[in-house]
Every structure is written in structure tokens, then in C-alpha cells.
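A.B. asks: Take a look at the following structure, please.
The values are calculated or read from the model by the stated rules, or taken from the named source; none is laboratory data. These numbers come from a predicted model, not from an experiment. Neighbour counts are summed over all protein chains in view; Cβ atoms, including those assigned to glycine, are modelled from backbone coordinates with ideal geometry. In case anyone asks, the SASA skips ligands and DNA or RNA and just uses the protein heavy atoms, side chains included. Shrake-Rupley method; radii C 1.70, N 1.55, O 1.52, S 1.80 Å.
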Amino acid sequence: MTDTTSAPLRGVSPRTGEPVGDPVPVSGARDVDAAVRAAARAFPVWSALPAADRARALEAAADRARALEAAADALDAARDGLVAVADAETALGVARLTGEVGRTSGQLRLFAEVLRDGGHVQAVLTPADPAAGRPDIRRMRQAIGPVAVFSASNFPFAFSVAGGDTASALAAGCPVVVKAHEGHPATSAAVARIVTEALRGAGAPEGVLGLVTGFEAGVALVNHPAVRAAGFTGSGAGGRALYDLAAARPEPIPFYGELGSVNPVVVLPGAAADRAEEIAEGYAQSLTLGTGQFCTNPGLLFVPEEGPLADAVATAVGASATGAMLTSRIRDGYRARVAALDEVAGLAPLASGSAGGDSFAVAPRVWRLSLKSFAEQLDTLAEECFGPAGLVVTYPDVASLAEVLAVLPGSLTGSVHATAGDAPAATRVATALRHRVGRLVHNGWPTGVAVCWAMHHGGPWPSTTAPLHTSVGAGSIDRWLVPIAYQDWPDDLLPPELQDTNPLGIPRRVG
């Protein structure tokens, strides 16, 4: 990466196709290096803060009713302005974006709770046993080091500069350098400025949060020797390229990527017969939510061959309408994928909805095909189409369906619609899906991911690069922590988490 002069980044309105927002300078090699070096300097200070202090610092950016009133007032006053900037760049709407700001601050508050609980360090104390020749061993987890985070296109707040990856990494004790998404550069710059000021006011060291922009900056971030881990939400192709870079470094680093997902939904015969119209309406709403630009979008819908459900889906999707996609590149990718699906043998158009009049608007599309045809072309058809498009696959019986479900590529979610009479079939389908997805949904839709302690938002490849981990919920902090064991250390020299008296009062295992 060189420091050549590049034109500043500007957002483009999905409604008009015209530039919007203030220009944001593109980061050169020296900018990336300076941000990462600042993060490296901040690391020993930030990671050494007692967890309770990190919690207070996070609250300064997340809970505007606590910690520093000045930071709280600034963020409260900025919310409407942030939403206006983001709406101009993304066309996601004021209501959606206002809720997303609340979700973002809620994520930060959740990690303040995680720090106060203390269980995330997984402290284990095994006392010495001289008779067995065993020394005193004590283990806990500690921050891995400076982290690179890649913002997502479809969530300009909740999966971006101050989103879940950043919140969880900061909670772990890791400074973060964020690579802004080109689809909302002004929003990213504004959020970074507000959160940085709030963290500084709460006592965080300089460099604990940095921001870089531009495609080459992302590559330089992953390659920087001071970066110890990376989190990514985006396309499969882009994520795989960065994943390979992370693995090819002289000192490889973990790369936690969320890359794409088809999120199969199965409707069992009883539910299809009893609730055809309700299920069809729910499917159409989930498929078109946010113009289909959700990682949990239901790309595959499996329905019985017999019955009214497929026709009901055609009616519901045909009556649906969507708005603009986030960027011209995403719109063009959707159009190309739709055109390719139109040429697939055995794939019959089932319904097409309406596109709005915005510049980046697209129409919802669904196709119908048999389970046999789908299985024969699984490698081609079981691939995410980012947008409001889906396949309705008709199956003859649950046994045949379960065989196909068991060989689907990995997804973030799998959903099953069933009645009480479908219970044996539901168990069989869940057994097939549970090793192919990270979250099983019963009588619901996959779009919408709750931010809570129990949430798992991950799954087998290609939905993520690390199926052990989640990018949403309290467990997402695990990605940024590594174990350290202490053998025969004096009690007064141990971290407080491992001292005999447990001065922090955290959950621990002894034995």
C-alpha cells in the first residue's frame, strides 16, 4: 500500500444516485500505520484497567444516562443528526435507523454488564497437590491485543464503527481500528468522532478507537504486524480474500468473518395446511425486510409438494414492494444473480414484486423448483443472493427433505414451521439442520437477531470462518480473549481474578 493521493470518499444516495454527505479522506499507508501504532500504545493501558473501569468507559459511549453527563448529553443531542446523515447515505429510513442507534448503545451496555459479571475471563483455580506431584495452576483469559474491525454495509450503526465487534473487543480490553464501509463514510466518521470523545472523557487512553477508510486500508490493516485479530462482516469473496491474507501473514492471526448465508426455512405439512396464508405473508415480509439486505434473509423455503402454500407465497410476494439497495455495486450484484437464476434449468419463476422509483431500487423475486432438481444443482443454487430473492423448493416427503437438508452449506439460521401434529417430523428436520446452522428458529422467521447473553450468531462455513464463535451477544467477547495460565505464583503477584480472596467477586471454578 502506498500513500498515493486518492479522491475523498463520498456517500451516494440510493434514492437519487447522487453524491451526499461531506467528503471523507481516504487513508494512506501512513494513516493506517499511525492508527494501529496508536492502538498498540493504548493496549497495555486499556487492557490493564480493572474490568469495572472498562465498563464505565463503555457506558460513556453507550448509556447516555450514566457515566459522564457531558458525553451522554452529546450523544443524545447527536442521535437525530446521525440518523439524518445515515439515511442520506443508506436510504434505510428514519425509524429503522433510530432503532439501530438504540441497538448500538444497547450492545455497549450489554458488554458493561459482561464486565461486571466477570465470568468472561473463565477463571479456574486448581490447587497444588504435592502427593500427586501437581503444582498450583491458575488460568484465566486476557485480551489478545489490538483488533481490526471491518464495518458492514447493511447496518451503518449496529455492525459498523461502534457495533458489536467493536463493543465486544473494547470490553475484552482490545483497542480497535475500524475500517469504515464505503457505503456510509460520513456516518462512520461522525460515529467515530462521538464515541472517541466519549471514551476519552471516561478515561480511555488515546488510540483506543481508530478509523481508516478505503479498500487498500483494509488490506493494510490485516497485514499490519501489530494487529492481533480481525472481525469482518461482508461478502464471501471479500471475506475469503482477507481470511487468506490473515492466514498467510508471517505471524497468522484469527480472522472472524461473517460471509453469507441462505438460512433455510422448512414448512412441515401440518403447518402448511393450517396456516398457509399466515406463513406466506410472514415469508414475504422477512424476504423483503430492508430490501432483503440481511445476513439472515430466508433464501431457501422448503414447502410440501401438495397443498396451497406455494400459491399463497406467489400471491404474497407478488403483492410486496421494496425500496432501494444500499449501493450501486450491491444493486448490480443482485441483478446479475437474478439474471443467472432465470437461466437455470428446472427453475420456474413463481412471483415478482414491485420496485420503488428510487435509483437503486430492485424488485423481489422468487422461483419454484422440485427438491430433486434442487439437489442435483445444489452447488449452484445453495448460494446466497444478497437481496429480496428466494427459492421455493417443493418436497415430496420429510425423509427425502431431511437427506438434502443434511448436506446444505452452513448457514447462520435454520427455521421450522410446525404444528403439534408435526412433532416427529420437526424433530427429524431439526436433527438434520442442527449441524448445518448456528441458530434454530421454531415457528418464526430468521430476520432479527436479539442482542442478549444466550444469542449465537454464527454457523458453519461459508456463513462464518469460525463456527465456534458468535458475532452477536455476550459470547462475542470470546473472540478477543486468549488463555494465560499461572503456575506457582505468589498470591499477591497474581491478577485479582485469580487471587485466593477473589476480590472482584467473579464466578470461578476451583478444583
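A.B. asks: Which members of the range 126-170 meet the condition of being of a type in the set (S, T, N, Q), crowded, with 21+ Cβ neighbours inside 10 Å, touching a residue at least 60 places away in the same chain (Cβ under 8 Å) and not in a loop (DSSP other than H, G, I, E, B)?
C.D. replies: Ser168
A.B. asks: While we're on this one: Which one is farthest from Asp422 (Cα to Cα), of the residues in the range 377-407 that are open to solvent by 40 Å² or more (accessible area, probe 1.4 Å) and not in a helix (DSSP H, G or I)?
C.D. replies: In this case the residue turns out to be Phe386.
A.B. asks: Do you know which residues across the range 22-58 are in contact with an Asp or Glu (Cβ under 9 Å, 6 or more places away or on another chain) and modelled with pLDDT of 90 or more?
C.D. replies: Correct list: Pro25, Val26, Ser27, Gly28, Ala29, Arg30, Asp31, Val32, Ala38, Arg41, Ala42.
A.B. asks: Let me ask another. List the number of the failed condition for Leu289; all other conditions in (1) touching a residue at least 60 places away in the same chain (Cβ under 8 Å); (2) under 20 Å from Pro396 (Cα atoms) hold.
C.D. replies: The number of the failed condition is (2).
A.B. asks: If the requirement is being over 18 Å from the mean Cα position of the chain (by Cα), within 23 Å of Trp480 (Cβ to Cβ) and surrounded by fewer than 19 Cβ atoms within 10 Å (Cβ to Cβ), which of these qualifies: Ala247, Ala198, Ala217?
C.D. replies: Criteria check complete, one pass: Ala247.
A.B. asks: Also, I was wondering about something else. Of the residues that make up the range 128-151, is at least one at pLDDT below 95 and under 30 Å from Pro14 (Cα atoms)?
C.D. replies: no
A.B. asks: Given the options Arg479, Arg509, Arg428, name the one that is of a type in the set (D, E, K, R), at pLDDT 95 or above and under 30 Å from Gln285 (Cβ atoms).
C.D. replies: On the way: Arg479 fails: under 30 Å from Gln285 (Cβ atoms); Arg509 fails: under 30 Å from Gln285 (Cβ atoms).
The unique qualifying residue is Arg428.
A.B. asks: Quick one: which of Thr296, Thr291 is open to solvent by less than 20 Å² (accessible area, probe 1.4 Å), of a type in the set (Ser, Thr, Tyr) and assigned to a helix (DSSP H, G or I)?
C.D. replies: Checking each option against the conditions leaves just Thr291.
A.B. asks: So the check is Cβ under 6 Å with 6+ separation or different chains; which pairs have a first residue in the range 300-311 that's assigned to a loop (DSSP other than H, G, I, E, B) and a second one that's of a type in the set (Val, Ile, Thr) and surrounded by fewer than 22 Cβ atoms within 10 Å (Cβ to Cβ)?
C.D. replies: Filtered contacts from the range 300-311: Glu305/Thr394.
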